[in-house]
Each structure stands twice: as C-alpha cells, then as structure tokens.
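The values are calculated or read from the model by the stated rules, or taken from the named source; none is laboratory data. In this text, all values refer to a predicted model and were calculated from it rather than measured experimentally. Glycine also receives a Cβ, built like all others from the backbone with ideal geometry; neighbour counts cover every protein chain displayed.
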Amino acid sequence: MKIIKVVLTEEESKDILTTALESGAIGYWANVIRVTRDGEANVIHMLIEASPTGNDNDMVNYSIGTNTIQHGVDNLLAEGFNISDRVRESLLADDVDSDCADCIIQAALFNDLVYG
C-alpha cells in the first residue's frame, strides 16, 4: 500500500477540532474539561478526560491542539492502520465530518480506534 501524506493548514486543524467538539463526535467517550477558542470562535485547544482502554476506571487527561490533529491524520493514513475506506476518502478529499474528526482524535491520542 502506498503511504499518503496530508499536511493540514492551521485553519483545517482548527476546523477539525471545532467539528469534533460542536458535533458531539467525541462526546460519547470524552469529558471535555476546558476549551480555548480564537477570535473567530474556532477551537484551538481542548483539555479532555478519556480512557485509552475504554474502561472508565482508566481516565487520563489529554491536551489536544492543532499539532495533535496533524498527528492523528498521519496515524490514520499510515500503512497498516485499519480505517474504513469512507474515513480515508474523507481525509483525502478534505471533507472531514464528525465521524472522521472522531477517528482523527482517537488515532492521535490512542494510536488506535478504541471507540466505535
């Protein structure tokens, strides 16, 4: 399989963070503790609490910023990472919806898709 590299702009990363928060994409597995927004109301940083194992007794605090989003995209597109064709195509087409944003954040934090 060919390894694909997608480099996000800071705006694209902020859009993904905003989508993940405002759509509720990560709300089923993460507790949002604090959100920082820029002057245009885009999310630029989140502090969340989540479990890397899916067990509520293993909660850890995670800091998520624009670099985190790039790391998640890199992980998702890495050779051998198991994601659906729909998510891969969404990333490559720059059409990131809430499901894709959820996958990006999980891939960044856990190096896996732990939830759904």
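Looking at LEU21, LEU92, LEU76, LEU17, just one residue is at pLDDT below 95, buried (at least 18 other Cβ atoms within 10 Å of the Cβ) and within 22 Å of GLY116 (Cβ to Cβ), and that residue is LEU76.
Note on region 67-106: among residues that are part of a loop (DSSP other than H, G, I, E, B) and not hydrophobic (A, V, I, L, M, F, W, C), the one that is nearest to ARG37 (Cα to Cα) is ASP97.
May I ask you to list the residues in region 23-36 that are outside any loop (DSSP other than H, G, I, E, B) and in contact (Cβ under 8 Å) with a residue 12 or more places away in the chain? Those that are outside any loop (DSSP other than H, G, I, E, B) and in contact (Cβ under 8 Å) with a residue 12 or more places away in the chain: ALA30, ASN31, VAL32, ILE33, ARG34, VAL35. For region 56-112, the set of residues classified as among the small types (Gly, Ala, Ser) and touching a helix residue (DSSP H, G or I) at 6+ places or on another chain (Cβ under 7 Å) consists of GLY72, SER90, SER98, ALA101, ALA107, ALA108, listed by residue number. Within region 49-66, the residues that satisfy the criterion of being free of Cβ contacts under 8 Å to residues at least 12 places away in the same chain and either part of a helix (DSSP H, G or I) or under 14 Å from ASP102 (Cα atoms) (or both) are ASP56, ASN57, ASP58. The single residue among LEU109, LEU113 that is part of a helix (DSSP H, G or I), over 17 Å from LYS5 (Cα atoms) and either touching a residue at least 12 places away in the same chain (Cβ under 8 Å) or of a type in the set (Gly, Ala, Ser) (or both) turns out to be LEU109. Determine whether region 65-84 contains at least one residue that is β-branched (Val, Ile, Thr) and over 22 Å from GLU10 (Cβ atoms). Checking region 65-84: at least one residue is β-branched (Val, Ile, Thr) and over 22 Å from GLU10 (Cβ atoms).
Take the residues in region 99-116 that are modelled with pLDDT of 95 or more and small (Gly, Ala, Ser); name whichever of them is surrounded by the fewest Cβ atoms within 10 Å (Cβ to Cβ). Restricting to residues being modelled with pLDDT of 95 or more and small (Gly, Ala, Ser), the top hit is ALA108.
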